[in-house]
Structure formats: C-alpha cells, structure tokens
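What follows is one structure encoded as structure tokens, with my remarks underneath.
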Amino acid sequence: MPSLPTVRCTGCGACVQCCPKKALSLSENYEGFLYPEVDDGLCVNCGLCEKSCPVNSTGTGRENFSERKAFACIANGERIREESSSGGMFTVLAEKIIKDGGIVFGAEFDEDFSVRLSRTDCAGELEKFRGSKYVQARTENSFSECKKFLEDGRKVLFAGTPCQVAGLKGFLKKEYENLYAVDFICHGVPSPALWQKYIKYREKKSASRTVKTAFRRKNDGWKLYSLSFTFANDSEYRRPLTKDRYLQIFLKDNALRESCYDCPFRGDRHKSDLTVADFWGIEQICPDFFDDRGTSLVIVQSGKGQELLDACRAGFRSEQVDFHAAVKCNPAYFESPARNRKRTQFYRDFDRHGIDRLYRRFGCDSLAVKAAKPAKRVVLKAARCVFGERFVRKMKNVMQGGKLKG
C-alpha cells in the first residue's frame, strides 16, 4: 500500500488523478477537508501516486529564483477591475490565452456554492473565475483534462493555489512549453464544510436560498472589502471583513487546513510562471497606482511568465517595483500563517455549535486585545504628530515582529 502524507497532504488530488487502477479517492475527514483513501483490493503498488505527490518532491527551489521581478498592475477595463479582487490581471492574462486558441482553468462556484476548478475557452465565461474564493476548491479531473489539451498542442493557462499548481506539475511529470501556470499569494484555505455551514446560517437568517455570493465586494473600497450574499427573495447581506463572522474566523487562522501552517510551496518553491496577488502596501511603494479600487501585484518567476506578461501589455498599465519591498508588505509570499492555539478546539466544537457560538469563541478578539487597540491607536497618533509618518511605519514594523531598518 502506498505511503501518502497525512498532515502534510494539501488535498490537491494529483495522486487520485494519476492512479491507473482508480484505487484512490478523496474523502472528507471530520473537519470537512479532502484526503486520499486507498482501496487495497484495487491497488497494485505501482507507486505512481507517491511519485506524483508534490509534497514528496518539493525540491530545493528554483535555481534562477533570484531573477524574479515584481510589477504593480491595473487592467484597463474598469468593469473587469471592479469585478476582480485586486487589479484584474487574471482576466488580462486569460483573455490573451483564449485569443490564441487556448484553454483557461480557474476556480468557480458550483450549484451549491462550493468551489471547484473548471475550464473555459470563451472569454465571456471568465467572469465565473474572477474574485477570491476563501475556501478550498476541489480539483476534480482538472489535471488530466489539462494534460489532454497540452498534448493536443493548445495553450493552457492554469490558475490555482500554489499547492494546486504544484499538484499539476507533479501529475504531469514534465514541462510543457504551452502551459502557463499562475498561482497567487495564499493565506491558507478554510474547510469547505465551514463555508457550507455559513451559507446555511445566512440562508436561515434571510429565510431564502442563496442565488449569488462574493467574497470581495468593493463597495466600501478595496482595502475594506466585504462578503456579500444575494438571496432569492431579493434581500442582500453585506458586511466588511472586520464585521463578517466567516471572514473573522478565517483571518484568525482557526479554520485552515493543517498543511497550510507549514506550506511547502511558498517563496522559491512556488512552481508557477507568474504569481498574482493584491498589492497590499501599494500606497507606500507606488502611490500613483493606489486609488482604493484594487491594484495587482504580479511576480514574474520564469522566462515564460515574462513572455506572457509582455504579450498582454496592451491590456494593462504597470510599473516595475522593488521585489523585496513588495513582498515585505505581502509576507504570505514567503511565510505560512501561524497555527492558532485554538485550532484543534475549533474543529472539536465545529459539529456541536452554530456559527454564532463559533464566532464568539474563535472569531472575536479577546477582551485584552480589544482593550489594547484604542491605546495603540493613541500611541501611534501621538508618535505621528511628533516624529512623522516614517517613524510610525518603523514602529509598526517592530510591533509586528519585523526588523528596524534605517
């Protein structure tokens, strides 16, 4: 029987899709995450699953990784930008691939608003892939479908989390010149079961079924984004990230997959050609690209990635920025989230309690943290008046565990 990783497993499904005997399947554990299970009656111990597993072959990183570049980018189309989480660059890249007769893979909501990877060769369908989806997506048969298109000679843009891109590369086992892999700076993925529980909670509150949802509405600006639901009775729920119960549980790192706390695909172990993300800190690094409507950070990680970006130049405006300054404001590029000490208890309580109880126990700041926030604001405001903004930025960096630099 094959020896597959357990806690380290990312749930990418490469092992399942490569099995010639269909001896592997993905099953939910008690937390709602998918893990592989082996049918001993079908398994012939060929070892293909172990060889395909990206966690088993993370390697030492790219030899030419020091050549990476970073750009601030904004798509030309305002509608595309408005419907995207950041600056709309995924759509710009995807439209180019489709124009060249290619296929695009991305994450979409299905009929019950769970998330899966699917594909399209129609620019009019790219809308379904836009916007962040803060829940783990099922890869289903996307790797094997991708391989078929690649071997037919068609260009493929595959967009997913860093572990899903690594899973695809592990499944393919060789490089394809017509494959363009795009990942994003990933905070981590919450349980699909938590998301489904939250959908039912919101539907009960509204007394109606969900017809549309979005994790990153920009009604109150790009930085203070909102989670929204539209219901069949024409009512709507919308709350900013500071007030929404699901987003607060997610951002407190209580509900992430275990492998996310020690992700093997950050930093120089990204397997993508391009990394696309929100450009947090853009107002400090490149103020001309900040209007609180969304700016993309694009990190070029291969020559092929640079070629694709250059081929799309007519569709966006950009400015190259210092890579180290960009990732300093986006530390999840290199760093995994810290495992919350309440994480184990969260999933012990998950089935027993509703969203309100889970939020009170695992999504709210403690009384000590709440009491400290006003005092911190007063100290920073006084320091800003006396010493200036540059000094305050240094103070914040020290408070967050950074190093004080001149």
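The values are calculated or read from the model by the stated rules, or taken from the named source; none is laboratory data. As the structure is a prediction and not an experimental result, all values here were calculated from the model. Ideal geometry is used to build each Cβ from the backbone, glycine not excepted, and the neighbour counts take in all protein chains shown. The accessibility values were calculated without ligands, DNA or RNA, using every heavy atom of the protein model including side chains. Shrake-Rupley method; radii C 1.70, N 1.55, O 1.52, S 1.80 Å.
Contact map, the stretch 332-354: first residue closer than 21 Å to Pro162 by Cβ, second residue open to solvent by less than 90 Å² (accessible area, probe 1.4 Å) and aliphatic (A, V, I, L, M), Cβ cut-off under 6 Å, separation 6 or more or different chains; pairs are Ala332/Ile185; Tyr333/Ile185; Tyr333/Val327. Looking across Phe71, Phe90, one residue alone is in contact with a helix residue (DSSP H, G or I) (Cβ under 8 Å, 6 or more places away or on another chain), open to solvent by less than 30 Å² (accessible area, probe 1.4 Å) and over 21 Å from Leu194 (Cα atoms). It is Phe71. Would you mind stating whether Tyr246 is under 15 Å from Ser132 (Cβ atoms) and among the hydroxyl-bearing types (Ser, Thr, Tyr)? Against the criterion (under 15 Å from Ser132 (Cβ atoms) and among the hydroxyl-bearing types (Ser, Thr, Tyr)), Tyr246 qualifies. Annotation: Phe65 fulfils all but one of (1) out of contact with any strand residue (DSSP E or B) (no Cβ under 7 Å at 6 or more places or on another chain); (2) under 22 Å from Gln320 (Cβ atoms); (3) open to solvent by less than 40 Å² (accessible area, probe 1.4 Å); (4) modelled with pLDDT of 95 or more; the unmet one is (4). Determine if the stretch 118-138 includes at least one residue that is modelled with pLDDT under 95, on the phi > 0 side of the Ramachandran plot and either in contact with a strand residue (DSSP E or B) (Cβ under 8 Å, 6 or more places away or on another chain) or open to solvent by 50 Å² or more (accessible area, probe 1.4 Å) (or both). There is at least one residue in the stretch 118-138 that is modelled with pLDDT under 95, on the phi > 0 side of the Ramachandran plot and either in contact with a strand residue (DSSP E or B) (Cβ under 8 Å, 6 or more places away or on another chain) or open to solvent by 50 Å² or more (accessible area, probe 1.4 Å) (or both).
Residues of the stretch 303-320 include none that is within 19 Å of the chain's Cα centre (by Cα) and either over 23 Å from Phe279 (Cβ atoms) or open to solvent by 20 Å² or more (accessible area, probe 1.4 Å) (or both).
This table checks each residue for (1) assigned to a helix (DSSP H, G or I); (2) at pLDDT below 60; (3) β-branched (Val, Ile, Thr).
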site	(1), (2), (3)
Ala325	yes, no, no
Glu335	no, no, no
Arg339	no, no, no
Tyr359	yes, no, no
Arg384	yes, yes, no
Met395	yes, yes, no
Gly401	no, yes, no
